[in-house]
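Structure, as structure tokens:
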Amino acid sequence: MLTATKRPKAFISKIEVQKFPIIPRWMELMGCIFIDRSDRRQSIQAIRSGVETIQSGQSMIVFPEGTRSKGGPMKEFKAGSLTLATSSGAKIVPVAIQGSYR
């Protein structure tokens, strides 16, 4: 995902990723946005921040299921993932990653 385009890009990531060493700092430098799914107010602010990031010309990589799949059928998409695109006017480029759980 990181090498597919030369445009600046960032991720929307669950806030729990900030517990890992080194990774959160790297993600902050990329402009990633951390979302606390248990805090509705913070989630809305994170989506607004993502909209601003997209409108500034940066691509956002979003995994709309909100979690890594252990295989099997796709899970339901989180509402905020599509809000980013519709609120920012961004184009959506769908990408499928198949078999990564293996």
So, residue 57, is that one part of a loop (DSSP other than H, G, I, E, B), touching a Lys or Arg at 6+ places or on another chain (Cβ under 7 Å) and under 22 Å from residue 3 (Cα atoms) or not? no
Answer yes or no as to whether residue 43 is touching a Pro at 6+ places or on another chain (Cβ under 7 Å) and in a helix (DSSP H, G or I). no
Among the residues of the range 63-102, write down those that are modelled with pLDDT under 85, under 23 Å from residue 43 (Cβ atoms), assigned to a loop (DSSP other than H, G, I, E, B) and of a type in the set (Gly, Ala, Ser). 66, 69
Hits in the range 1-32 - residues which are of a type in the set (D, E, K, R) and either part of a helix (DSSP H, G or I) or within 18 Å of residue 94 (Cβ to Cβ) (or both): 7, 9, 16, 19, 25, 28
Pick from the range 21-43 the residues that are among the hydrophobic types (A, V, I, L, M, F, W, C) and touching a residue at least 12 places away in the same chain (Cβ under 8 Å): which of them is farthest from residue 5 (Cα to Cα)? 35
Give the residue, chosen from 62, 95, that is among the aliphatic types (A, V, I, L, M), within 20 Å of residue 9 (Cα to Cα) and crowded, with 17+ Cβ neighbours inside 10 Å. 62
Test residue 1 against the stated conditions and say whether it is buried (at least 16 other Cβ atoms within 10 Å of the Cβ) and touching a strand residue (DSSP E or B) at 6+ places or on another chain (Cβ under 9 Å). no
Only one of 33, 23, 15 that is over 12 Å from the mean Cα position of the chain (by Cα) and either among the hydrophobic types (A, V, I, L, M, F, W, C) or more than 20 Å from residue 59 (Cα to Cα) (or both): 23
Could you please tell me which pairs satisfy a Cβ distance under 6 Å, a separation of 6+ or placement on different chains, a first residue in the range 77-102 that is without any contact (Cβ under 8 Å) to a residue 24 or more places away in the chain, and a second residue that is among the polar types (S, T, N, Q)? none
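The values are calculated or read from the model by the stated rules, or taken from the named source; none is laboratory data. Everything quoted here is computed from the prediction, not taken from an experiment. Backbone-built Cβ (ideal geometry, glycine too); neighbour counts: all protein chains shown.
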